[in-house]
1. Could you run through the stretch A:248-263 and say how many residues are among the basic types (K, R) and in a helix (DSSP H, G or I)?
2. Would you please name the residue that is modelled with the lowest pLDDT, looking only at residues in the stretch A:179-194 that are closer than 18 Å to A:S109 by Cα and among the β-branched types (V, I, T)?
3. Surrounded by fewer than 23 Cβ atoms within 10 Å (Cβ to Cβ) and either under 17 Å from the mean Cα position of the chain (by Cα) or under 16 Å from C:G279 (Cα atoms) (or both) - does that describe any residue in the stretch B:115-132?
4. If a residue has to be among the aliphatic types (A, V, I, L, M) and either part of a loop (DSSP other than H, G, I, E, B) or under 14 Å from A:L227 (Cβ atoms) (or both) to count, how many in the stretch A:184-196 make the cut?
5. Under 6 Å between Cβ atoms, which residue pairs at least 6 apart in sequence (or on different chains) link something in the stretch B:195-206 that is surrounded by fewer than 24 Cβ atoms within 10 Å (Cβ to Cβ) with a partner that is acidic (D, E)?
6. For the stretch B:301-325, which residues satisfy the criterion of being more than 18 Å from the chain's Cα centre (by Cα) and either basic (K, R) or within 13 Å of B:V5 (Cα to Cα) (or both)?
7. When the residues of the stretch B:141-178 are filtered to those that are among the aromatic types (F, W, Y) and either part of a loop (DSSP other than H, G, I, E, B) or touching a Phe, Trp or Tyr at 6+ places or on another chain (Cβ under 6 Å) (or both), which remaining residue is farthest from the other protein chains (Cβ to nearest Cβ)?
8. Among the listed residues B:V225, B:V262, which satisfies the condition of being at pLDDT 90 or above and at the interface with chain C (Cβ under 9 Å from one of its Cβ atoms)?
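The values are calculated or read from the model by the stated rules, or taken from the named source; none is laboratory data. The structure presented is a predicted model; accordingly, all values stated were derived computationally and were not measured. With ideal geometry, Cβ positions are generated from the backbone for all residues, glycine too; neighbour counts draw on all protein chains shown.
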Amino acid sequence: MSTHPSRDDAPVLEVTDLSVEYHGEHRTVRAVDRVSFTIGRGEIFGLAGESGCGKSTAANAVMRLLREPAAITGGTIRFQGRDVLALDAEELRTLRWREVAMVFQSAMSSLNPVMTVGDQIVDIFTTHERLRKSVARERAAELLELVRIDPGRLRSYPHQLSGGMRQRVVIAMAVALRPQLLIMDEPTTALDVVVQQEIMAQIAELQRSLGFSVLFITHDMSLMIELSHRMAVMYAGRFVETAPARDLFAHPRHPYTRALINAFPPLSGPNTPLVGLREGVRFTDIPDLREEAPGHWVAPVPVGTVIDGGRA
Amino acid sequence: MRFVVRRLGFYLVAFWVSVTLNFLLPRFMPGDPVSRMLSQSQGRMTPEQVDQMRVLFGLDQRPVWQQYLGYWHSVFTGDMGVSISRFPTPVTEVIASQIGWTVLLGGTALLIAVVIGNALGILAAWRRGGVLDSVLPPVLVFVGSFPYFWLAMGALYLFGVTLGWFPLRHAFTAGLTPSGSPVFLSDVAAHLVLPAATIVLVSIGGWMLGMRNTMIATNSEDYIVMAEAKGLRPARIMLRYAARNATLPAVTSFGMAIGFVVGGALLTEVVFAYPGVGYQLLGAVSALDYPLMQGIFLTITAAVLVANFLVDIVYVRLDPRVRVS
Amino acid sequence: MSATDPTEVPLLVATDHRGTLSGPTAPAAPDLLPRRRARQGLVHSLVANRKALTGMILLALFVVVALLAPLLAPGDPSTITSLGAQPPSAQHLLGTTPKGQDVLALTMWGARSSLLVGFVVGLAATAIGLLVGLSSAYFGGRADNALSLLTNVFLLIPGLPLLVILAAFLPTGMVTVILVLTFTGWAGSARVLRSQALSIRGKDFVAAAIVTGERPAWIMFREILPNMASIVMITLIGSVIFGIGAQAGLEFLGLGDVSVVSWGTNLYWASNDGALMSGTWWAFVPSGAAIAFVAFALALINYGVDEVTNPRLRATRRTTSARRRALRPATHPEVNR
């Protein structure tokens, strides 16, 4: 993304001090710990971190999709000024998909295997726009054309489509109601590299033409830096660094961010051994972020922490 | 289509196993129950009938493979010998005159138990921890722990003997001629209530819990989360997304359950003297009527296999993933 | 680690009960070792589980009565001690049968045969099921196809009519009943155990054992089996329930040894002597209730095992979450029913 969107208007999403806990039998685990961020209109905000750092949990919390034993235990989520956590079930239902939509990790399992993809798209229109079935069907066909799938595929069942096509269908569904915010939770991890590229290009194109904001989640740093305007790095439920994507890539300040960026080999140039965190290095009690450069927030690292990378 | 053909092959194998078992039992069992039975009833049989029985049970001196082929021949021509307990009616005739009542009893009970049990399971899973979910399962498990026939005895004693609300025995009042008239049909229905209710009561818990557990597993699928994220109405998610998928394993176990329900129906018939094959089976057992026992076994097995095949065809309609191959 | 890896758990920062951070835990280790520790916890958690504990106490009660029947029961069950069809009284706590036998004595003595047959059938059926299921899962290919076919055929053939013709052709007696019930009852266990063994067969530690050249028997019984302890227990209990119920059914039809005292023969005689029509409800209620209570106690233990090992089914706190896939398929309670 080359141009940064204007930031004068109010943010679409404002998350403040969000905490999510999993209540287990014997212990309680805080998967998201006092996390704050905002996403502006038309902005693509990336959330990076390793598997299990809490990024998916945070994304699900935004749409209040968490289920027992996970529960939001603190903080606020404001969507265009509305307090999402205060909505009742019916208000929440109308907010979902119309205002915030989501593309899930695995398109295979997020589509109902016993319904045609057409019926699953039609469901959206008949529920939210109270369209008649025949009209909804036409709209569904248009949607498929938008992601360049033959509208004849409406009658197909999910298992009859390729992985890439399924993910396109899911993306088409996500933009069906022209939502303000699109959450994408690792939308391409289940796909091979070529298809991944096509899908990402498609998402970028849709974002340019429709202008929605994106909360983009991945553990693939290069993909994220390519696509996002601003991004945050998450570790063990905490943010360790937030900055404009290119700035963060060029000058990573937190050792964990450096390790994450170094974990991906450069595509060209000589082979260099990958350098990661030293064996056994753990960050605990991560402090709140401090602005170390304009727009570049970093969690201070306690002095004396041994973090330099050992040879892999 | 390949799925259906494969299943058909499987049922043929199952049928072959049943027929072969039926063939082998009288020939290789220790002791000689068959000749005991024959000597007992020889006085009433014509010499031809005795010879026919000897052939049926392998007491003639032909080599086993010839006997086996001959046995298959009689299975296909519907020749299962003569019933001893209902001498001299042929076994096939005895069964034909009674299978209808068993189908009526078993079918009614199965249908009611499946519909109500699965509906309860869906609701219980949807409202986890609700009244339905916390009260009903233990109660139904407890009720389901009783033997079919004992519950039948209790129901017969309580509602039949003591309270006199329902008729005590048989499928219709003696003296009425079977017809399509409302009088006869309501009489049949009144006779059906107690036996069917006991079967429903015993089997409904299994359906409810099976459905509930499948629904709970289904509810954690990604497509349910996605459906919630889509802002669909709860009723639609529950029925079209969760229950619709949870039905698939239920359909599979439906086929399996037919056999169990048949067993339950047979025992219940005995208690209510309901004139189906189960009641006939009791008579066959006490009279050492081996031809009838074997005939009933084969008939019921064949019926269960056919029912399972029909269930498979329904399954193909329900699951698009096996429909196209 | 791929994103769809089921071992991915969105938990890293652990807080103990006081809420202090104990730091991120190490990334999940690959599943290389059998989960021995979890198994030791099973018995412990069962005692802590209310359903299982109730079931175990109830079952223990019946076992004690069965073992001590000669001491506890009021006299020999087969002797005719009074007039027939006497209602419960101080002399005969549960009344007498139409023949004049003491119902309490019949019920207590009946526990011996019923429980013995039930448990022997349960153990035998589970053992066969385990053998078939494990070999099916371990060897795969043709062996699996053949064994699965056999299992499914036996599951499909309606049990009761098969029981009847088998029992009718064999000499009557308890051994026949046990053999016949085992013959018809193993398939349900085999199917459940096969699918569980199959999922463990795919784990890394089994592959590792194969690569190191362990013998098949060793892998099946020392590597795979210990990891299916709970499911083996569930099928065992299910088979015992089947055994007790089916024995009663067989004997009720008059296919058992009617001279042996068991709950099934008690019901057979009650029915034959016209207890129902003459209104002597006490002649048939106790034995049926005993069967039901034993089956219920076993079912409670089973639900306890299921809840302990499958937290998703627990009513109060579940660990269902959007991101966590089912670790194993839900076990169906209709197994063996």
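1. Within the stretch A:248-263, the first condition is being among the basic types (K, R), and the residues that meet it are A:253, A:258.
So of that shortlist, the ones also in a helix (DSSP H, G or I) come out as A:258.
Qualifying residue count for the region: 1.
2. Going residue by residue through the stretch A:179-194, those that are closer than 18 Å to A:S109 by Cα are A:183-192.
Next, from what is left, pick out any that are among the β-branched types (V, I, T): A:183, A:188-189.
Values: A:I183: 94, A:T188: 80, A:T189: 77.
In this case the residue turns out to be A:T189.
3. There is at least one residue in the stretch B:115-132 that is surrounded by fewer than 23 Cβ atoms within 10 Å (Cβ to Cβ) and either under 17 Å from the mean Cα position of the chain (by Cα) or under 16 Å from C:G279 (Cα atoms) (or both).
4. From the stretch A:184-196, those among the aliphatic types (A, V, I, L, M) are A:184, A:190-191, A:193-195; that's our starting set.
Among the residues that remain, those that are also either part of a loop (DSSP other than H, G, I, E, B) or under 14 Å from A:L227 (Cβ atoms) (or both) are: A:184, A:190-191.
Of the residues in the stretch A:184-196, 3 are among the aliphatic types (A, V, I, L, M) and either part of a loop (DSSP other than H, G, I, E, B) or under 14 Å from A:L227 (Cβ atoms) (or both).
5. Correct list of pairs: B:G206/C:E334.
6. Pass one, the stretch B:301-325, residues more than 18 Å from the chain's Cα centre (by Cα): B:313-325.
Matches in the stretch B:301-325: B:I313, B:V316, B:R317, B:R321, B:V322, B:R323, B:S325.
7. B:F172
8. On the way: B:V262 fails: at pLDDT 90 or above.
Within the list B:V225, B:V262, the selection yields B:V225.
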